[in-house]
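Structure, as structure tokens:
What follows is calculated from the coordinates using simple rules that are stated; it is not laboratory data. Note that the coordinates shown come from a computational prediction; the quantities given were computed from them, not determined experimentally. Backbone-built Cβ (ideal geometry, glycine too); neighbour counts: all protein chains shown.
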Amino acid sequence: MSCDPPQSRELRIRPVEADDLAAISVLHRAAFGPGRYARTAYRVREGTAAFTPHCRVAHLGDRLVAALRMTPITIGGSPGAVLLGPVAVDPELKGVGYGKTLIARALEDAATSGFRLVLLVGDMPYYGRFGFVPVPAGQIAMPGPVAPHRLLARELVEGALAGYRGQVATA
Ligand SMILES: CC(C)(COP(=O)(O)OP(=O)(O)OC[C@H]1O[C@@H](n2cnc3c(N)ncnc32)[C@H](O)[C@@H]1OP(=O)(O)O)[C@@H](O)C(=O)NCCC(=O)NCCS
């Protein structure tokens, strides 16, 4: 058994497996605290499977340090979009770059899987660096209240955002 601190090992990113769910739940509690189920983004995912083939986890050695969920959605009935979130990084390891690395990888994988658009509810100052832009007001509706400046989209295919209009639902 290695005694290296986790920071000294390489970040390993892979799809989520059923055995990861308990550790992801612990991570979410640490990162978000109670009240996390009140968020509108959670309403979209209500009643869906606990994870999809597009969800990712990041490990340092055996330690789960970050997790990211991706849920295929339709927008106004059109497929080809995916909802990103939640993204959570172990609070002890915030600011090291694991969030950035995991999100960048998830975007690459989503493009490879044929998605055209990634949608999320989050902070533009953080997600802008990945190419997310605010969705024009009134173009896309989430199933619950969202501050308009927090509904962000990242095109995986140029011009994709203009083609999506209407209500978000799980695919
Ligand atoms: C937000 C989160 C995923 C970022 O992951 P991370 O690994 O800590 O971040 P990284 O190390 O990749 O990036 C750090 C950079 O992002 C910036 N940053 C982090 N959170 C930010 C925010 N909410 N708004 C603006 N910038 C932010 C840092 O200032 C830093 O900037 P720099 O690169 O210019 O120094 C992580 O902090 C987290 O799990 N937070 C709690 C849960 C949460 O809010 N998740 C997102 C909503 S679903």
Practice prompt. Compare the Cα positions of Ile24, Ile103, Leu84 along the charge dipole of the chain (+1 at Cβ of Lys, Arg; -1 at Cβ of Asp, Glu; about the Cα centre) and return the one farthest towards the positive end.
Written response: Leu84
Worksheet item: On a 0 to 90 degree scale, rounded to 10, what angle separates helix 21-32 from the longest Cα axis of the chain?
Response: 80
Item to complete: Determine the calculated [θ] at 222 nm for the chain from helices alone, applying -39500 (n - 2.57) to every DSSP H run no shorter than 4 residues and normalising by the residue count; nearest 500 deg cm²/dmol.
Response: -6000 deg cm²/dmol
Worksheet item: To the nearest 20 debye, what is the magnitude of the charge dipole of segment 6-170 about its Cα centre, counting +1 on the Cβ of each Lys and Arg and -1 on the Cβ of each Asp and Glu?
Response: 280
Fill in: Cα-centre dipole for segment 98-171 with unit charges at Cβ (Lys and Arg positive, Asp and Glu negative), debye to 20
100
Discussion item. Give me the one-decimal nm value for the distance between modelled label points at Ser78 and Val133, 7 Å along each residue's Cα-to-Cβ direction.
Written reply: 1.5
Worksheet item: So for the chain, taking the charge dipole from beta-carbon charges (+1 Lys/Arg, -1 Asp/Glu), which of Pro72, Pro148, Leu161 sits furthest toward the positive end?
Response: Pro148
Worksheet item: What's the center-to-center distance, using Cα atoms, between segment 37-56 and segment 95-171 in Å?
Response: 15
Worksheet item: Using alpha carbons only, how many degrees (0 to 90, rounded to 10) separate the axis of helix 98-112 from the longest principal axis of the chain?
Response: 50
Discussion item. Can you tell me, using C-alpha contacts under 8 Å and at least 6 residues apart, the relative contact order of the chain as a whole percent?
Written reply: 23
Practice prompt. List the residues of segment 76-93 whose backbone N lies under 20 Å from a point placed 7 Å from the Cα of Ala23 along the Cα-to-Cβ direction.
Written response: 85-93
Discussion item. Can you compute the modelled spin-label distance between His149 and Arg105, with each label point 7 Å from Cα toward Cβ, in nm?
Written reply: 3.3
